[in-house]
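Chemist: Handing you this structure, nothing more for now.
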Amino acid sequence: MPFVAPYLDYHAFAPELVLIATFVAVLVADLIGERNKPLLGTIAGLGLLGSMVPVLTLAVADEPVRAMFGGGYVVDNFALTLKALFIIGGYVVILLSTNYIAEGDFWEGEYYLMLLASILGMTMMASSRDLVLIFVALELLSIPAYMLATWRKRDPKSNEAGLKYYLMGVFATAIMLYGMSLIFGVTGQTGLAAIAASPAIAGTAPVITLGVVFVIAGFGFKVSAVPFHTWAPDTYEGAPTPVTAFLSVASKAGGFVALTSLCLVGFATQEEVWQPLFWVLAALSMTVGNLLALRQTNIVRMLAYSSVAQGGYMLAPLAVAGHSIDGRRESIGALVVYLLVYGAMNLGAFAIVIAVARKTRSGEISSYGGLFQYAPGLTVVMTVFVFALAGIPPLGGWFAKFVIFKALVNPGTSAGYALAIVVGVNSVIALFYYARIAQQMWMQPVPDEDRTPIRVPPSLVGALGICCLVTLVLGVLPGLVGEIGDLAELASGR
């Protein structure tokens, strides 16, 4: 039988090709000589911006869905929206990293290479509709992230962070891969559309249920859902702060993309299995994350538990996504909207943490006392971010919470109403620890009476400007992000 080369749409694959070319450019520049070190971040950033060009051209093209490799790799509006989030989020992380990495005792070239490789894995994840491709994309985004978490190699906390993240990640990957093998063993298929069409998947065989549960448990680690969240606080605290920001937004979003594709395409007929599981994971993540965040005195650990709780909000729409086609569409839109808004406000909060730590050399919340007296601009912007995370209008977070409520209530089920109540109660709980940061900055005295102004590097100013602008615009003009969510329809690749 003659070999037939797989169909490859170079336009659809252009964002990944640009990222690969950027990876090679950074590698070559790093190998040429030491004088190119200051240019590495610039090359990586320009490459990421360049990869946005084909994303935009694909978004306005006449062909809404492009499928390759027998439907295993699909470029649709859902994939393009998430690719844009990963790329822009990666660019903001590079802005956060420029001075942090250059001023520390770090290997700059390898840092940007690992960051680009992980972003490449995320963009692949957004289009993957095949179990093998999802696994490859997951490993491509995860393995560099393990190394980035331990980048401060002379810091015992960073070494501990990377080791915990790696060991827990390998364990979770093994569970997920075992679940995938069970699904493949029963259906004989790896493509998500083919799995959904298989007569075997439509049954209620215990092996199918076990496979679905194992796959969701494996990705539960990636999105730091309770009880798979135990790695997050120590890893977030020990990793370099730009890496922590990257893990809390882009890496988490990658896990949600995979969960959405798997459950709403491949396991669409198994909603009686994954809907109750998502309900429990969402309720636990919101409640446990917020209650533990209340007890934290370190702002990075507080944001880590906040990230766990925010992951619970994002899981909530998936708990009611299987009731109807309209419910599925609305749940996908709510998740995409929340990911976009969360990315802006959380990256912005970590940018402030990096800026303040340049002066205080501390991550304690008490070190933010009297911040308004010597850094009024940073105080105002941080107030915007923390109250956006709490969901206070007219900041972007309120609309993200609103679409979650809407997705939960519209199906008219008791499970949806109950989870909406859990979301509401937890939103009130979260306001307490977010307001505590604002209270420290505005009302408390400066701890050491040192009112020396904080020097904020231009790259950090750029990151803060992007995040603050997006947070404000999406809150004042919610229809803009709402339209993006409505457009993010998930194609099966059939």
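The values are calculated or read from the model by the stated rules, or taken from the named source; none is laboratory data. On a predicted model such as this, the values are computed, not experimentally measured, just so you know. Ideal geometry is used to build each Cβ from the backbone, glycine not excepted, and the neighbour counts take in all protein chains shown.
Chemist: Kindly indicate whether any position in the stretch 180-195 is surrounded by 22 or more Cβ atoms within 10 Å (Cβ to Cβ), within 30 Å of GLY109 (Cβ to Cβ) and among the aliphatic types (A, V, I, L, M).
Modeler: Scanning the stretch 180-195, I find no residue that is surrounded by 22 or more Cβ atoms within 10 Å (Cβ to Cβ), within 30 Å of GLY109 (Cβ to Cβ) and among the aliphatic types (A, V, I, L, M), so the answer is no.
Chemist: Taking only pairs six or more apart or across chains, which ones have beta-carbon atoms under 7 Å, a first residue in the stretch 261-289 that is closer than 21 Å to VAL207 by Cα and surrounded by 20 or more Cβ atoms within 10 Å (Cβ to Cβ), and a second residue that is of a type in the set (Lys, Arg) and at pLDDT 85 or above?
Modeler: SER261/ARG129; VAL265/ARG129
Every residue, every condition in (1) outside any helix (DSSP H, G or I); (2) over 22 Å from VAL93 (Cβ atoms); (3) of a type outside the set (A, V, I, L, M), yes or no:
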position	(1), (2), (3)
LEU408	no, yes, no
LEU419	no, yes, no
VAL423	no, yes, no
TYR433	no, yes, yes
GLN440	no, yes, yes
PRO445	yes, yes, yes
LEU464	no, no, no
LEU474	no, no, no
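Chemist: Examine the stretch 144-159 for a residue that is out of contact with any Ser or Thr (no Cβ under 6 Å at 6 or more places or on another chain), aromatic (Phe, Trp, Tyr), without any contact (Cβ under 8 Å) to a residue 40 or more places away in the chain and farther than 30 Å from ASP9 by Cα, and state whether such a residue exists. I'd like the intermediate steps shown before the answer.
Modeler: Step one: list which residues in the stretch 144-159 are out of contact with any Ser or Thr (no Cβ under 6 Å at 6 or more places or on another chain), which gives 146-148, 151, 153-157.
Still in the list and also aromatic (Phe, Trp, Tyr): 146, 151.
Subsequent filtering for residues that are without any contact (Cβ under 8 Å) to a residue 40 or more places away in the chain retains 146.
When the remaining residues are screened for being farther than 30 Å from ASP9 by Cα, the result is 146.
Scanning the stretch 144-159 turns up at least one residue that is out of contact with any Ser or Thr (no Cβ under 6 Å at 6 or more places or on another chain), aromatic (Phe, Trp, Tyr), without any contact (Cβ under 8 Å) to a residue 40 or more places away in the chain and farther than 30 Å from ASP9 by Cα.
Chemist: Within the stretch 227-244, can one find any residue that is surrounded by fewer than 23 Cβ atoms within 10 Å (Cβ to Cβ), more than 15 Å from the chain's Cα centre (by Cα), closer than 27 Å to LEU131 by Cα and not aromatic (Phe, Trp, Tyr)?
Modeler: Yes, because at least one residue in the stretch 227-244 is surrounded by fewer than 23 Cβ atoms within 10 Å (Cβ to Cβ), more than 15 Å from the chain's Cα centre (by Cα), closer than 27 Å to LEU131 by Cα and not aromatic (Phe, Trp, Tyr).
Chemist: Among the listed residues ARG301, ARG358, ARG328, which satisfies the condition of being modelled with pLDDT of 85 or more, part of a helix (DSSP H, G or I) and basic (Lys, Arg)?
Modeler: Values: ARG358 fails: modelled with pLDDT of 85 or more; ARG328 fails: modelled with pLDDT of 85 or more.
Only one candidate passes the filter, namely ARG301.
Chemist: Say whether the condition of being among the hydroxyl-bearing types (Ser, Thr, Tyr) and buried (at least 17 other Cβ atoms within 10 Å of the Cβ) is met by at least one residue in the stretch 55-71.
Modeler: Within the stretch 55-71, the first condition is being among the hydroxyl-bearing types (Ser, Thr, Tyr), and the residues that meet it are 57.
Subsequent filtering for residues that are buried (at least 17 other Cβ atoms within 10 Å of the Cβ) retains none.
No.
Chemist: Here's a follow-up. Would you check if GLY377 is part of a helix (DSSP H, G or I) and either farther than 22 Å from TYR342 by Cβ or in contact with a His (Cβ under 9 Å, 6 or more places away or on another chain) (or both)?
Modeler: Working: part of a helix (DSSP H, G or I): yes; either farther than 22 Å from TYR342 by Cβ or in contact with a His (Cβ under 9 Å, 6 or more places away or on another chain) (or both): yes.
Yes; evaluated as a whole, the condition is true for this residue.
Chemist: Going by the structure shown, is VAL92 touching a residue at least 24 places away in the same chain (Cβ under 8 Å) and part of a helix (DSSP H, G or I)? Give the steps one after another, and end with the answer.
Modeler: On the way: touching a residue at least 24 places away in the same chain (Cβ under 8 Å): yes; part of a helix (DSSP H, G or I): yes.
In short, yes.
Chemist: Can we say THR383 is in a helix (DSSP H, G or I), farther than 30 Å from ALA258 by Cα, touching a Leu at 6+ places or on another chain (Cβ under 6 Å) and of a type outside the set (Phe, Trp, Tyr)?
Modeler: no
Chemist: Out of all the residues in the stretch 122-133, is one or more assigned to a helix (DSSP H, G or I), of a type in the set (Ser, Thr, Tyr) and within 24 Å of GLY179 (Cα to Cα)?
Modeler: We begin by selecting, within the stretch 122-133, every residue assigned to a helix (DSSP H, G or I); these are 122-127, 131-133.
Filter once more, keeping what is of a type in the set (Ser, Thr, Tyr): 123, 127.
Then drop every residue that is not within 24 Å of GLY179 (Cα to Cα), which leaves 123, 127.
Yes, because at least one residue in the stretch 122-133 is assigned to a helix (DSSP H, G or I), of a type in the set (Ser, Thr, Tyr) and within 24 Å of GLY179 (Cα to Cα).
Chemist: Can you confirm whether PHE256 is under 14 Å from the mean Cα position of the chain (by Cα), in contact (Cβ under 8 Å) with a residue 12 or more places away in the chain and within 19 Å of PRO227 (Cβ to Cβ)?
Modeler: Numbers: under 14 Å from the mean Cα position of the chain (by Cα): yes; in contact (Cβ under 8 Å) with a residue 12 or more places away in the chain: yes; within 19 Å of PRO227 (Cβ to Cβ): yes.
Criteria met by PHE256.
Chemist: Here is a list of conditions, (1) under 15 Å from TYR165 (Cα atoms); (2) surrounded by fewer than 24 Cβ atoms within 10 Å (Cβ to Cβ); (3) among the aliphatic types (A, V, I, L, M), and VAL223 meets all of them except one; can you say which number that is?
Modeler: Tallying (1) under 15 Å from TYR165 (Cα atoms); (2) surrounded by fewer than 24 Cβ atoms within 10 Å (Cβ to Cβ); (3) among the aliphatic types (A, V, I, L, M), VAL223 fails exactly one: (2).
Chemist: Could you please let me know if GLU110 is over 24 Å from SER261 (Cβ atoms) and either outside any helix (DSSP H, G or I) or modelled with pLDDT under 90 (or both)?
Modeler: Working: over 24 Å from SER261 (Cβ atoms): yes; either outside any helix (DSSP H, G or I) or modelled with pLDDT under 90 (or both): yes.
When the stated conditions are applied, GLU110 passes them.
Chemist: Quick one: count up the residues across the stretch 426-449 that are without any contact (Cβ under 8 Å) to a residue 12 or more places away in the chain and farther than 14 Å from ILE299 by Cα. Show your work before the answer.
Modeler: Initially, the stretch 426-449 is screened for residues without any contact (Cβ under 8 Å) to a residue 12 or more places away in the chain, giving 428, 439, 443, 448-449.
Keeping just the survivors that are farther than 14 Å from ILE299 by Cα gives 428, 443, 448-449.
Residues that pass the stated criteria total 4.
Chemist: Every residue in the stretch 134-153 that is among the hydrophobic types (A, V, I, L, M, F, W, C) and part of a helix (DSSP H, G or I), please. Full working, then the answer.
Modeler: Restricting attention to the stretch 134-153, the residues satisfying the condition of being among the hydrophobic types (A, V, I, L, M, F, W, C) are 134-138, 140-141, 143, 145, 147-149, 151.
Within the stretch 134-153, ILE134, PHE135, VAL136, ALA137, LEU138, LEU140, LEU141, ILE143, ALA145, MET147, LEU148, ALA149 meet the criteria.
Chemist: List the number of the failed condition for ALA84; all other conditions in (1) surrounded by 14 or more Cβ atoms within 10 Å (Cβ to Cβ); (2) in contact (Cβ under 8 Å) with a residue 60 or more places away in the chain; (3) assigned to a helix (DSSP H, G or I) hold.
Modeler: The number of the failed condition is (2).
Chemist: So, one more: For the stretch 82-119, what are the residues that are of a type in the set (Phe, Trp, Tyr) and under 16 Å from the mean Cα position of the chain (by Cα)? Break it down into steps so the answer makes sense when it comes.
Modeler: Here is the first cut: in the stretch 82-119, the residues of a type in the set (Phe, Trp, Tyr) are 86, 91, 100, 106-107, 111-112.
Those that are of a type in the set (Phe, Trp, Tyr) and under 16 Å from the mean Cα position of the chain (by Cα): PHE86, TYR91.
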